[in-house]
């Protein structure tokens, strides 16, 4: 029986630099969260939104299946650990919700390069060559090792993948992993997506 691949959209962040909820940002009439969810749904068997306990009634998130953080702490490692704990036999396509340039082609390439025998398959950053853990496929074997790393004081999924190894893929589209953290970056992303949209 093959390992199912579920999708996890990380949407529990505080959006402190954006000064508003990044998951609710709009692109062409869809929230950033909906865009990410629909993208993952075209590739994964099931998709969930990763949320904190105080976000379960938020209207942007509540319309989607959720995995609520079930371990102490904060940051994306908590969401990844919670997903691996809730469905320990599944692999997880983990995506940050704030990747407006991420495409089906980029996800397809990630799946084609996947190493199911390892802990994860991730893109390498075009900026520093390090793993991008928030656009990656995390395998079931990572669950207990990530839990031990976190229990030992580790908080950074990227450092975990550097320490324990991941198959790294070079992205074909250098913009695919660009995220949006500030109002200025959001304005630039809106303009870029508008200019790239096909004419009617």
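The values are calculated or read from the model by the stated rules, or taken from the named source; none is laboratory data. Small disclaimer: the values here were computed from a predicted structure and weren't measured. Because the Cβ atoms are built from the backbone with ideal geometry, glycine has one as well, and the counts that use them run over all protein chains shown.
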**OP:** Give the residues of region 117-131 that are exposed (fewer than 14 other Cβ atoms within 10 Å of the Cβ) and either in contact with a strand residue (DSSP E or B) (Cβ under 6 Å, 6 or more places away or on another chain) or on the phi < 0 side of the Ramachandran plot (or both), sorted by residue number.
**Re:** 117, 127, 128
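Restricting to helices (runs of 4 or more DSSP H) lying wholly in region 16-119: which have 3 or more residues that are under 15 Å from the mean Cα position of the chain (by Cα)? First the steps, then the outcome.
Working: elements: 32-41, 59-62, 76-86, 104-112.
The helices (runs of 4 or more DSSP H) meeting that bar are 32-41, 76-86, 104-112.
Considering only region 165-190, state which residues are outside any helix (DSSP H, G or I) and buried (at least 17 other Cβ atoms within 10 Å of the Cβ). Give the steps one after another, and end with the answer.
Going residue by residue through region 165-190, those that are outside any helix (DSSP H, G or I) are 165-182.
The answer is 166, 167, 168, 169, 171, 176, 177, 178, 179, 180.
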Original post:
Pairs under 6 Å by beta carbon, first residue closer than 18 Å to residue 69 by Cα in region 144-165, partner modelled with pLDDT under 95 and surrounded by 14 or more Cβ atoms within 10 Å (Cβ to Cβ), six or more apart or different chains?
Top reply: 155/75
**OP:** Give the residues of region 152-178 that are at pLDDT below 90 and closer than 21 Å to residue 30 by Cβ, sorted by residue number.
**Re:** 173, 175
**OP:** Keeping to region 148-164, report how many residues are part of a helix (DSSP H, G or I) and over 26 Å from residue 113 (Cβ atoms).
**Re:** 3
